[in-house]
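Written below as structure tokens is the structure these notes are about.
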Amino acid sequence: MIPFTVAYKGIALPLEFPFSTPLDDLKSYLSTHPSIGVPPPNQKLLFKGKSTYPPDATLETIGLKPHAKLLLIGSSAAQISAVQEGTARQQQAAVRASSSHRRPAATSTGSRISTLTSPADPSSTYTFTTLLALPSFPDHNLAHALLTRLANDHAIKHIMSTHKWRVGTLKELHPSERTILGYNENKGQSIALRLRTNDLDGFRHYGTIRKVLLHELAHMVHSAHDAQFHAFNRQLNAECDALSNGRTVGTRGAYYNPPEEERVDEPAFQGGTFRLGGGGRRETGERESRPMREIMAEAALGRLTREEEELERGCGSGSGRT
């Protein structure tokens, strides 16, 4: 028997099953549990950033350890119905807008998928290959435009190129997953982001969504939410903040003045008294001689900001803070 926890929409369900239990049997059990009730076909179990397993996968073969946490993503019939009602409200609003001679939201139900095509330059190798917005919403073209803006954001492109990252799919996370802000599957196979507000009447603030994207990009290197992850995540935010406000990062003589819509006034993530790029205080000569990576990791052990804690709670990647 192995004890573990399944986390679902703010619920931490402690379980104990034989090590040889097939994942399909676990899903069947979860579908009948009164706190979950999600049909097996609608369930996605995430463990260490993975959600795709062989048909005969068991708790043992996926590498589950005692007291580990599995994250369950899935929508019950009632939740799907609520989202469908929200979609219907949007469709009615589009009809009213059309009758009032205002530009209506797109009503096409086709899947909005495109492959990014960039100029033939070194940075084009490191990008998001495919963008995918949910096709069930009449304004999915706006969601797709938001994903395009993220993919073409100058700071994000710079970070992707600097760290030589290529992500398969950047996609919209279904809004019924209200406790999840995003996740990185298999270190870059796909990254999902929640774009819409809980009431489905609009989209979340661009700067907030971009910070979730940076958090998930940090999982390209570090799986767990540990000290090294938080130090690296702050580094990415510092790079993004510098570029978004027209300062140079990693280049000489280059200066980028971003358009107004790309500028984000929020400061880089900060933990304790340490701030990347801010000339953190050195207490002794010994500290000055230590590697920057070690200093960064130590600083990350300090108190997380409220924003960092929220991003960690809303992240479907990693295996929890260690």
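Annotations for the structure displayed:
- Pair list, Cβ < 7 Å and 6+ apart or interchain, from segment 1-25 residues that are surrounded by 15 or more Cβ atoms within 10 Å (Cβ to Cβ) to residues that are of a type in the set (G, A, S) and assigned to a strand (DSSP E or B): T5/A12
- Residue-level check: of (1) at pLDDT 85 or above; (2) buried (at least 17 other Cβ atoms within 10 Å of the Cβ); (3) not polar (S, T, N, Q), G74 misses just (1).
- Counting only residues that are part of a helix (DSSP H, G or I) and of a type outside the set (D, E, K, R), segment 174-226 holds 10 of them.
- Per-region count, segment 40-55, residues in contact (Cβ under 8 Å) with a residue 24 or more places away in the chain and either outside any loop (DSSP other than H, G, I, E, B) or surrounded by 16 or more Cβ atoms within 10 Å (Cβ to Cβ) (or both): 10
- Single residue of segment 180-206 satisfying the filter (modelled with pLDDT under 90 and among the aliphatic types (A, V, I, L, M)) that is surrounded by the fewest Cβ atoms within 10 Å (Cβ to Cβ): L200
- Test result for L150, more than 14 Å from the chain's Cα centre (by Cα) and modelled with pLDDT of 90 or more: no
The values are calculated or read from the model by the stated rules, or taken from the named source; none is laboratory data. What you see is a predicted model; the values in this text were computed from it and never measured. Glycine also receives a Cβ, built like all others from the backbone with ideal geometry; neighbour counts cover every protein chain displayed.
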